[in-house]
1. Out of Pro166, Pro194, I need the residue that is over 18 Å from the mean Cα position of the chain (by Cα), over 24 Å from Gly453 (Cα atoms), more than 13 Å from ligand 1 (Cβ to nearest atom) and assigned to a loop (DSSP other than H, G, I, E, B). Which one?
2. I need every pair where a residue in region 429-452 that is closer than 25 Å to Pro463 by Cα has its Cβ under 8 Å from the Cβ of a residue that is away from ligand 2 (no atom under 16 Å from the Cβ) and assigned to a helix (DSSP H, G or I), sequence separation at least 6 or different chains.
3. Among the residues in region 286-294, are any charged (D, E, K, R), closer than 28 Å to Pro145 by Cβ, part of a strand (DSSP E or B) and modelled with pLDDT of 95 or more?
4. What are the pairs, 6+ residues apart or on separate chains, where a residue within region 160-173 that is under 27 Å from Gly226 (Cβ atoms) has its Cβ under 6 Å from a residue that is loosely packed, with under 12 Cβ neighbours inside 10 Å and modelled with pLDDT under 95?
5. For region 352-405, give me every one of the strands (runs of 3 or more DSSP E) that falls completely inside it and has 2 or more residues that are away from ligand 2 (no atom under 16 Å from the Cβ).
6. What about Gly208, is it modelled with pLDDT under 95 and either more than 16 Å from ligand 2 (Cβ to nearest atom) or not in a strand (DSSP E or B) (or both)?
7. Mind checking which residues of region 138-158 are more than 12 Å from Trp68 (Cβ to Cβ) and not in a loop (DSSP other than H, G, I, E, B)?
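The values are calculated or read from the model by the stated rules, or taken from the named source; none is laboratory data. This one's a predicted model, so the numbers in the text were calculated from it and none came from an experiment. Glycine gets a Cβ as well: all are built from the backbone with ideal geometry, and neighbour counts include every protein chain shown.
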Amino acid sequence: MAVLAMSWLGCGSHDESAPAPSQPPGWDEAIRLTPSQDRNSDPNVVEIDLEAKPTDLSIISGGPTATWTYDGRLPGPLIRAKIGDRVIVHFTNRLPEQTTIHWHGLRVPAAMDGMPGQSQPPIATNASFDYDFIVPDASTFWYHPHLNSAAQVGDGLYGAFIVDDPAEPAGLGDEVVFVLSDMSLNEDGSLQAPDAGGDIATLFGREGGTLLVNGKVRPTLKARPGLPQRWRFINAARTRYYQLSFPNHSFVRIGGDGGLLTEPIAVDEPVLAPAERADLIVVPQGTPGSDVVVRWVAFDRGWGTTFNRPPEDLFVVHFEGEPAETPKLPAIHRKIDPLSTDGATPIDLSLTWQTGTTPLVLGINNVPFDQSTPLMATVGETQVWTLDNTMDWAHPFHLHGFFFQVLEPPRPLEWKDTVNVPAHETVRFVVRYDERPGMWMFHCHILDHAEAGMMGSLMLMDPPR
Ligand code: C2O
Ligand code: CU
């Protein structure tokens, strides 16, 4: 499978005189995200209004679901800008409780990062807050609340945020942005309580039984056989890991959390831990008129997480139109310099569980977030973080504000903001702090775990003068 994908990378020719073949009419209509409305005429400023509010949506046939949404949409509107743009979000909270927005992966100033009580005050019901920042990096990002987040994200608050690089080569395939999530629904469509299942459910992390692709159950995407598509996936689920299976197909991964890779990697069944992103190229191949279903496959994230779990449908790919010749993938040249670890400060963290406490308490170095003191760092400093997972379950670890490079276990060089730490394993990464002093967060992105205490803060100081 991998061999097929790699040979596709290097083959193909194109007849310049023929009209370029295209995807079937309305190919992505059932799945396309609604973009936000830019109300600023300056081409380098994206200025939008955004409102969080309760919204009744029809998700399953049993009855309506009282979701929480951005702008009444599930997921929220797709925010799109280009490198260097200024983004202004006039945000209003119409939820019955306070909230904030965290711009996951975006290197914004600390004051715009959405951590209540650390980088900004919580935004009360009917209050507004203007987020205003420059977007320095191109990639697939997302946004979500950072208060009562297991409940607020679980009930529907998340959206995609893409930053384009105008210098990126054209011809990487027709783009689809997929926000993957799940919801815990009763048969009548009502939402289960965010604490349903108690401590045991918190310990496993809550996986909703209804799998959603851009807010829909099992939507259909059309594809012209042979024509590449670029699938950008965002895992916005509270807990669920996604291992993606597209039978008879393999993918070429060109990017992840922090933009493009230095070179494409062939992958059969990509895995996205909570909050991770993947930028994939795929060449759908199938008989016109036929369907192939892209499925979720259980990923072993620790004790009991794969037992008795058959694959589940995510979305349908429907083949339409005469097979087209596959164009050659343009070369991608992303240069990433490995960060030097010379003189780096070691930071040793273990991801822990205080057994025997009710309610369940998770922590970092045995300290839950509400009792923790911030780690310290200085602008310009390099640190090597060692994350030691002492538990029987994996934790997707996220650092706010700064990309890092994973050192161990060894893997191809890329910029990451979220990394999976498998059960009873150790992950090391190197991070260098740029000029954005302030308070930053780090936590497990299984949001039930973060809320149970697996979170900490980092105070980044200006260097002494
Ligand atoms: Cu997407 Cu603090 O997280
Ligand atoms: Cu966790």
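1. That would be Pro166, the only listed residue that is over 18 Å from the mean Cα position of the chain (by Cα), over 24 Å from Gly453 (Cα atoms), more than 13 Å from ligand 1 (Cβ to nearest atom) and assigned to a loop (DSSP other than H, G, I, E, B).
2. Going by the 8 Å Cβ cut-off, the qualifying pairs are Arg436/Ala110; Pro437/Ala110; Gly438/Ala110; Gly438/Ala111; Met439/Ala110; Trp440/Ala110.
3. To start, the set of residues in region 286-294 that are charged (D, E, K, R) comprises 291.
Right, trim to closer than 28 Å to Pro145 by Cβ and you get none.
Within region 286-294 (the criterion being charged (D, E, K, R), closer than 28 Å to Pro145 by Cβ, part of a strand (DSSP E or B) and modelled with pLDDT of 95 or more), the answer is no, since none of the residues qualifies.
4. Listed by first residue and then by second, the contacts come to Pro169/Pro330; Gly171/Pro330.
5. Counting at least 2 such residues, we get 375-378, 382-389.
6. no
7. Result: Ser139, Thr140, Phe141, Trp142, Tyr143, Ala150.
Conditions (1) out of contact with any strand residue (DSSP E or B) (no Cβ under 8 Å at 6 or more places or on another chain); (2) surrounded by 22 or more Cβ atoms within 10 Å (Cβ to Cβ), marked per residue:
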{"residue": "Tyr242", "(1), (2)": "no, yes"}
{"residue": "Phe251", "(1), (2)": "no, yes"}
{"residue": "Asp268", "(1), (2)": "no, no"}
{"residue": "Pro288", "(1), (2)": "no, no"}
{"residue": "Val293", "(1), (2)": "no, no"}
{"residue": "Phe299", "(1), (2)": "no, no"}
{"residue": "Thr305", "(1), (2)": "no, no"}
{"residue": "Asn308", "(1), (2)": "yes, no"}
